[in-house]
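First the structure, in the form of C-alpha cells, and then the observations on it.
The values are calculated or read from the model by the stated rules, or taken from the named source; none is laboratory data. These numbers were taken from a predicted model, which means no experiment stands behind them. Please note: Cβ atoms are built from the backbone with ideal geometry, for glycine as well, and neighbour counts cover all protein chains shown.
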Amino acid sequence: MNGRRSRIFALLVPAFVAIMAWLVALAGPAWADTLVVRSASVPGARVSADTVVRLELVSRGARITGAIPEFGMYRVEVSPDRAKMLQADPAGSGLAWARPEVLLHTSLVPNDPGYPYQWWATSIDVPPVWGLPEVQNPVTLAVLDTGVNTNLPDFAGRFVDGVDIVSGSTAPGAWLDTYGHGTWVASVAAATGNNRTGIAGVSWSARIMPVKIGSSGTFSDFDAARGILYAVDHGAQVLNMSWGAESRSLPLAEAVSYARARGAVLVAAAGNNYGGPVNYPAAEPGVIAVAATTSTNARAAFSAVGPALDLAAPGDRVVSTGLNGALVLVSGTSFSSPMVAGTAALLLSAAPNLTAAQLEGILKTTAKDLGAAGPDQYFGAGLVDAAAAVAALSTLPPTSTTTLPPTTTTLPPTTTTTLAPTTTTTLPPTTTTTVQRTRRVPITTTTLVPITTTTLVPTTTTTLPSTTTTTVRRRR
Ligand SMILES: [Ca+2]
C-alpha cells in the first residue's frame, strides 16, 4: 500500500512540477538571468529531495532548463529580481548556492610558428575571439600600401581583386609587394592563423584587397586618394592606411570624406614622429587614428601624440611575416593600425549592419584605458580590446538600419563638385613632399630620437628568432 502510494506520489509530483512550469511559462515573465543552482541536500541521494528542490524552484518563478542529478545541480532561468534573491538567500529555497551561469571561451592556441612571439595578440585580447563562429564571415579589408606578397601561404584564398593604382593594372602580378611594408601590415591584420605557417593575424576570414599605391617608402597623396576611391568603389568595408604626413592633404581629405559617406571604416597610423602632431590622414575627422604601445602597455617612444588620437595598439617590436615568408620584427604605428583594422573586420563580420560610427564607438568604449583616466593625448581612448569589443555587440540596440539613409543622401554634392578642381590644382607642388609613409622605426630605440621629415628607407629586417634583431635605416 505504501509502495503504491509513493509510486503515485512519484508520478503526481513531476506532473505537478511540469504543470507549474507550464503555467509559469504561460505567464511569460521576462526571463533575463540564467543561474546555476545546487540543491542543499546530498546530490543524488533521494529522488524525493530532487523533486522537492525542483518544486521549490518552480514555485519561486524559476524555469529549469537543465539538470545534473548526480551533482544535485540545475540551470534555471529567472527574472533579475529572483536571481538576486536566490543568490542572496539560497537556503531559503533549499539550495546550497546559486551563481550566474558563466560562459567559457575556447582556448585556441594557434600553431603558427610566429605565435609564441606574438605578445601583441594577447595585448589586444584577440585570442578569445578566434574560435567564435560569428567572426568567420568575410569582410573586405583594403590594404592601401606597397601591395601584398600574393605567394605567402597565410594569404592563400584570401584575396579579392587588387589594383596597382600607379599603373592602373588589376593583374595580380601588378599589385605584388616587392618592398615588404604592405605584406607586414597585411599579415598583422589578416594572416590566416592556426595553419602552421607564418603568424596568426587579427582576422582569419577577412577578404584582403591589396591596393598598391606605391612601391617604396613614399607615396603620393594623389595616388593614395585614388586608392581610397578604388577601394570604396570596389566594396572595401575597412581601409587600412599605415602611412601619413604631418601636413594636411586636401586630396586625402576629399577621399576620406567620400569613403566615410559610403559607410567605410577608415583606420590610419598616427605617425612615428613623437614631438610632432598626429599625422594625416589619421588626424582627419572620420579616420580612426592609432598610436603605438609597447609590450608593457607603455607609449612607444616614437608614437605621435595629440588630441586627434583615437586608440592605441602594439607597435613596438611586432612580429609579422616578411616577403620571403620569414618572421620579422617590425616597429611603428604602421603595425598598430592594422590591429585595429583587423578588429574592425571582426566586428563587421559579427554585426554586418554596424555603422562606422557605431563601430568606432564600440572600439573606444571597450578599449583598455591607459595613462591618465579617460581619453588622453598619448593613447586616445586606450588599448583596443578585440574580445571586449565583440562581446559588446550583444548589448547594442537593434537600431543600426535607421541611421543609414541620411548618410547616403549627403553623398552626391560632396563628391562630384569638389573632387576635380582640388586634385588638379594642388597636385604638382605637393605630391611628393606632403605625403610620406609612416616611417618604420628601427628596433634599437636609441636611434629613434632624431625623427625628421626626410624619407627613411629601411634596408633590412632581420628574421626571428635570432637574438640580435636590428633594422637598419638609411637617411636620405
Ligand atoms: Ca599563419
Pick from G162, G198: which is within 13 Å of the ligand (Cβ to nearest atom), crowded, with 24+ Cβ neighbours inside 10 Å and over 22 Å from S249 (Cβ atoms)?
G198
Residues of segment 31-47 being buried (at least 17 other Cβ atoms within 10 Å of the Cβ) and either at pLDDT below 55 or touching a His at 6+ places or on another chain (Cβ under 9 Å) (or both), in sequence order, are W31
Counting only residues that are within 20 Å of G315 (Cα to Cα) and in contact with a helix residue (DSSP H, G or I) (Cβ under 6 Å, 6 or more places away or on another chain), which one in segment 347-388 is surrounded by the most Cβ atoms within 10 Å (Cβ to Cβ)?
V384
Residues satisfying the stated conditions in segment 303-326, i.e. within 16 Å of the ligand (Cβ to nearest atom) and surrounded by fewer than 24 Cβ atoms within 10 Å (Cβ to Cβ)
G322, L323, N324, G325, A326
Quick check on my filter: what residues within segment 179-200 are in contact (Cβ under 8 Å) with a residue 60 or more places away in the chain and β-branched (V, I, T)?
T183, V185, V188, T197, I199
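Restricting to segment 335-354, give me the number of residues that are more than 8 Å from the chain's Cα centre (by Cα), part of a helix (DSSP H, G or I) and of a type in the set (A, V, I, L, M).
Here the count works out to 2.
Scanning for something assigned to a helix (DSSP H, G or I), without any contact (Cβ under 8 Å) to a residue 24 or more places away in the chain and in the same structural domain as V318 (by TED's automatic domain parsing), does segment 286-300 turn up at least one residue? Reasoning before the result, please.
Going through segment 286-300, the residues assigned to a helix (DSSP H, G or I) turn out to be none.
Scanning segment 286-300 turns up no residue that is assigned to a helix (DSSP H, G or I), without any contact (Cβ under 8 Å) to a residue 24 or more places away in the chain and in the same structural domain as V318 (by TED's automatic domain parsing).
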For segment 121-144, what are the residues that are free of Cβ contacts under 8 Å to residues at least 40 places away in the same chain and of a type in the set (G, A, S)?
G131
Would you confirm whether any residue within segment 88-108 is part of a loop (DSSP other than H, G, I, E, B), within 16 Å of the ligand (Cβ to nearest atom) and among the polar types (S, T, N, Q)?
no
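Looking at D177, D154, D145, which is the one that is crowded, with 19+ Cβ neighbours inside 10 Å and within 16 Å of the ligand (Cβ to nearest atom)?
D154
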Could you grab me the full set of residues in segment 201-244 that are part of a strand (DSSP E or B) and more than 16 Å from the ligand (Cβ to nearest atom)?
R207, M209, P210, V211, K212, V238, L239, N240, M241, G244
